Amino acid sequence: MNRKLARELCMKILFEMLMNKEYNIEILDNYLSSDEREDSQGQYVHTVISSSIQHIEEVNGLIKKYAIGWTLDRIAKVDLAILQLAVIEILHMEDIPYNVSINEAVELAKKYSSDESTSFINGILGKFVEKEGIKKHD
């Protein structure tokens with residue numbers, strides 16, 4: 001599995017958690033074998049999902065803050081999962097430059113959501129990094 005597929009898997013897991021309204025690390029058992037958990041991308045998936053579970057209130061609060069005029073309930077679940085993934089990467093994955101996280105979120109939206117969602121997601125994430133003073137990683 002490469003990083004792009006690992007990122008898609010994270011988005012799908014976050015989407016499932018949103019739909020089931022249950023954030024539980026045991027969901028990884030449905031998606032990753034024990035061998036897959038040992039490779040670098042499996043570790044990435046585990047880190048993203050465990051960070052999401054641990055920081056979900058903070059992440060959702062930031063999304064709500066920058067999705068001006070939108071409640072979390074009004075945001076399409078797939079878009080919310082993509083936003084959660086990107087915010088987790090930006091806040092907690094220091095080896096990933098924020099512009100990569102934003103670009104990959106837009107690519108996921110192009111594949112899994114509507115045309116309007118790409119600009120919506122890009123706008124929220126752009127405002128988030130600007131207003132929070134997040135710097136590019138060198």
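Restriction of the GluC sites (Glu not before Pro) in the range 25-115 to DSSP coil positions whose beta-carbon has at most 13 other beta-carbons within 10 angstrom yields 94.
Here is the list for the range 90-138: trypsin sites (Lys or Arg not before Pro) lying in DSSP coil, each with at most 10 other C-beta atoms within 10 angstrom of its C-beta, are 135, 136.
For the range 1-37, the list of trypsin sites (Lys or Arg not before Pro) that fall in a loop by DSSP and count at most 10 other C-beta atoms within 10 angstrom reads 21.
Remark: the range 91-138 carries a charge dipole of roughly 120 debye about the Cα centre, counting +1 on each Lys and Arg Cβ and -1 on each Asp and Glu Cβ.
Pairs with C-alpha atoms separated by more than 25 Å, drawn from the list 111/135; 77/110; 4/110; 21/65; 4/65, are 111/135; 4/65.
Distance between the pseudo-spin-label points of residue 31 and residue 114 (7 Å out from Cα toward the beta carbon): 2.5 nm. For the range 3-131, averaging the sequence separation of C-alpha pairs within contact (under 8 Å, six or more residues apart) and dividing by the residue count gives a relative contact order of 25 percent. Projecting label points 7 angstrom from Cα along Cα→Cβ for residue 76 and residue 40 puts them 3.3 nm apart.
Every number in this text was worked out from the coordinates using simple rules, so none of it is lab data. Since the structure is predicted, the reported quantities are computational estimates derived from the model, not experimental observations. Positions of Cβ are generated from backbone atoms using ideal geometry, with glycine treated the same way; all protein chains shown enter the neighbour counts.
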